[in-house]
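Right, one structure below, let's go through it.
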Amino acid sequence: MNRQTPNSEQKTKDEKPGHINKYSLDELLSKSPAGSFKLNSKDKQWLSGPIIDDNNVS
């Protein structure tokens with residue numbers, strides 16, 4: 001599984017050129033229900049696993 005880094009140039013299929021987001025990330029996170037972003041053991045294992053790139057793929 002490759003880890004992806006956020007890219008400000010990536011657009012969703014609904015996003016139009018010049019579209020201005022109505023909400024900041026901080027606003028979206030603060031309005032999300034408690035526990036929405038809780039990591040389970042499988043998430044933690046994946047996040048602490050090795051980084052996969054072209055140099056270490058067999």
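Every number here is computed from the coordinates shown, using simple stated rules; none is lab data. For clarity, every value in this text was computed on a predicted model and none was experimentally measured.
Full extension of the chain between residue 44 and residue 29 yields a length gain of 3.4 nm, computed as 0.36 nm times the residue separation minus the alpha carbon distance.
3J(HN,Hα) couplings calculated from phi for region 23-34 with the Karplus curve 6.51 cos²θ - 1.76 cosθ + 1.60 (θ = phi - 60°) are, in sequence order, 10, 7, 4, 4, 5, 4, 5, 5, 8, 7, x, 4 Hz; Gly and Pro show x.
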